[in-house]
Each structure stands twice: as C-alpha cells, then as structure tokens.
Amino acid sequence: MMLDPTPDPAPTAKPIFKTDPVPQDWNSRNDQQKLAWLDEQGLPSDPTVNLGASYRCGAKITRLFSVAMSVLRRLVENVKTTKNRNLNQHLNLFLKAFNDGVGRLSNLIHSNCMSLLSHGAYVDGTIPLLPVAIPDAQLMGGDDFTLPFEDTFLGAFLGFLSVLIATWPWLQSVKSVADISYAQALKACVETGQTFSKEFQKSLR
C-alpha cells in the first residue's frame, strides 16, 4: 500500500505593512527613531516591502557604487601607464557608460534615501528601491580595496547591475540621459565593462 506523499507546505504569506501618514513630529526624531518608523511602513507601490528595508538597500547600493568609482579611478591611473591605445579606448567607453548609467543612478538612489530620512517618504514614489541581493561585503572595502580587479570586483559588479535591471522594472522607463532609459544605460555599462575586462586580461599575459 502506497502512502500519500507529504503535501508541500503552504507558502508563507508576506506581511502587509502599514502606510500611515508621516508623523507630525518627524523633524524632532533622531535617525534611529525615524528608521524604526520606516521599518513599520510599506512602500506605496508594494506594502509587502517596508520603507526601512528599502532605505538600507539603497544605502548599500550607493556604497557599492562609491567603491566602484574608487576602484575605477585607480584603474585609470594604472591603464594610463601602459600606453596601450586599444586598452585605453575600451576603458574610455566603459567610463562614459559608467557615468551615464551608474553615476546618475547613484545620485537618484542617494536623493531618495535622503528623502526617506528627511521627510519619511520618497522624492518620487514611482521609483521604489526594492530590496535586491548585493555582492559580498568584502567587495565593498573602500579605499583599502586590495582584491584583484579583473578577477573579483568587475565580474561581481557587472553581474549585480544585470540583477538590478531585472529587479527594478522602473529602470526600463525612467530616463537616465537624453532618450536612454536607466536600463539601457546600465546594459551599456555591462557590455562595455565586459569588453574592457577581456582586453584588460589580455594585457596582463
């Protein structure tokens, strides 16, 4: 006699967070008190995600972008010394795409995070910072960054940009520069970064 298979456990329902008005005493609260309130409030577009998680995600992403900028600045100095014209051309294309996509997006995310702390709400509620998996913390070491750029940071960073494009739908419609959406600008960054990485590794052989 065959036993009935054990039924799959029922999916856990996502919590629904409140969407209360911003407290009148907001400006008198410290950052810890503000974050505690944000942790209880849902995104206007998705109340299953709280504003506190959204803020922390945005803060981590801007930190990662800052590290990427720091790494690229040092990389520019290293590539200049090689006098490799082809490598420099690919790096310049990558830098332009990086500035148009990552640089502008970093400013947008930062302004939204600051708005959450300053006013308890987004600058624009139609561009929510949905939580997303962020690369390992060791890739966010700041000025003491020592991991091999070509082997570790670049691949993880470009992979993260691809995840971001897939996770934040509004990147497809909100413009970064001219008629180019953030998604298009980030894709250009990924593509030029991958091409540069290949040329960079060739130069090390």
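The values are calculated or read from the model by the stated rules, or taken from the named source; none is laboratory data. Note that the coordinates shown come from a computational prediction; the quantities given were computed from them, not determined experimentally. Don't worry about glycine lacking a Cβ; one is built from the backbone with ideal geometry, like all the others, and counts go over all protein chains shown. Surface areas here come from the heavy atoms of the whole protein model, side chains and all, with no ligands, DNA or RNA. Shrake-Rupley method; radii C 1.70, N 1.55, O 1.52, S 1.80 Å.
Checking each residue in the range 173-204 for being modelled with pLDDT under 95, open to solvent by 90 Å² or more (accessible area, probe 1.4 Å) and more than 17 Å from LEU75 (Cα to Cα) picks out LYS175, ASP179. Going through the range 155-205 one residue at a time, which ones are within 18 Å of ILE127 (Cα to Cα), part of a loop (DSSP other than H, G, I, E, B) and of a type in the set (Gly, Ala, Ser)? Once the filter is applied, which keeps residues that are within 18 Å of ILE127 (Cα to Cα), part of a loop (DSSP other than H, G, I, E, B) and of a type in the set (Gly, Ala, Ser), the range 155-205 yields only SER173.
I need a count of the residues in the range 46-55 that are touching a residue at least 40 places away in the same chain (Cβ under 8 Å) and in contact with a helix residue (DSSP H, G or I) (Cβ under 9 Å, 6 or more places away or on another chain). Selection size over the range 46-55: 4. Scoring ASN92 on the criteria (1) in contact with a helix residue (DSSP H, G or I) (Cβ under 6 Å, 6 or more places away or on another chain); (2) farther than 26 Å from PRO169 by Cα leaves a single failure, condition (1). Screening the range 107-131 for residues that are in contact (Cβ under 8 Å) with a residue 40 or more places away in the chain, over 19 Å from ALA166 (Cβ atoms) and in a helix (DSSP H, G or I) and picking the one that is most open to solvent (accessible area, probe 1.4 Å) gives HIS119.
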